[in-house]
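The block underneath contains the structure these notes are about, expressed in structure tokens.
The values are calculated or read from the model by the stated rules, or taken from the named source; none is laboratory data. Just so we're clear, the structure is a prediction, and the values are computed from it rather than from any experiment. No Cβ is skipped: glycine too gets one built from the backbone with ideal geometry, and neighbour counts run over all protein chains shown.
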């Protein structure tokens, strides 16, 4: 049983650092906010700018209009923004045909994967994409090249069974938000089967995804439960839950916010880990800590495994506003 202080049981909260917004997410949100400030509402955004309902709703309240496809946007001079996940080449092409003023909020690290795929294809390589079917980032990356030019590898089994058309001229790229360990295993299988396979010059899984997974691994085994603040449709959120479970914390749960906590699953805990996915704002973490403070006598320990200093430039059309 937990040690009691007054009427509250004691609880140590191990807070992962780094957690929450990465540079690509921060840039994407800034693009929407600055576009609203400069041009006024409405500003149209194709797909959720990042996978977090709190962020999307807050931008809606400021005048952003979210759509899934460009054909949902009327003829307009208002800015049209592409989400951080990236888009197929057909999307900016359609935007140009309709004379839209568009701003691309694609994370630069996703754009790096697009450029890699394009260059490899131009050199005659057959391309394998390690990722999850249907994820917007995967759709965007596959859409950089002609249909059929990129083949998806989702699992170890896929890596073992895929039959390339040109096994001696094979390359791979990957989604940026995957499990580091799972992706490494898939790459090992592909490399064993196809020793000449060409990979990216630098790992495609982004620094923020890697850092947040490393931070969870550092605390998971010492925690009775782990909460990942994020969204069900967020790949990096789901991967953090999996990492927590594998690293020794069976009670690892994804929560959207404080209202999403299932207290029945948190009986008799004395140590709780908390992290937040790269698309989850810090205010949600603060509200969750406040919720635990009402029920427990909490002590917060920050576990720092990396320092992040990465920043990305804004589009030229908005850069002067940011500097001001």
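Scanning the stretch 142-153 for residues that are in a loop (DSSP other than H, G, I, E, B) and either surrounded by 17 or more Cβ atoms within 10 Å (Cβ to Cβ) or free of Cβ contacts under 8 Å to residues at least 24 places away in the same chain (or both) turns up 143, 144, 145, 146, 147, 148. Among the residues of the stretch 168-185, those identified as outside any strand (DSSP E or B) and either under 24 Å from the mean Cα position of the chain (by Cα) or surrounded by 14 or more Cβ atoms within 10 Å (Cβ to Cβ) (or both) are 169, 175, 176, 177, 178, 179, 180, 181, 182, 183, 184, 185.
The one condition from (1) in contact (Cβ under 8 Å) with a residue 24 or more places away in the chain; (2) over 20 Å from residue 24 (Cα atoms); (3) not assigned by TED's automatic domain parsing to the domain that holds residue 32 that residue 94 does not meet is (3).
The helices (runs of 4 or more DSSP H) falling completely within the stretch 224-324 that include 1 or more residues that are buried (at least 18 other Cβ atoms within 10 Å of the Cβ) and at pLDDT 95 or above map to 235-246, 282-295.
Residues that are in a helix (DSSP H, G or I), farther than 9 Å from residue 305 by Cα and in contact with a strand residue (DSSP E or B) (Cβ under 8 Å, 6 or more places away or on another chain) within the stretch 213-223 comprise 216, 219, 220, 222, listed in sequence order. Among the residues here, residue 106 qualifies as touching a residue at least 12 places away in the same chain (Cβ under 8 Å), buried (at least 18 other Cβ atoms within 10 Å of the Cβ) and part of a loop (DSSP other than H, G, I, E, B). Applying the set (1) crowded, with 18+ Cβ neighbours inside 10 Å; (2) closer than 22 Å to residue 171 by Cα; (3) in contact with a strand residue (DSSP E or B) (Cβ under 8 Å, 6 or more places away or on another chain); (4) in contact (Cβ under 8 Å) with a residue 60 or more places away in the chain to residue 198 leaves exactly one unmet item: (1).
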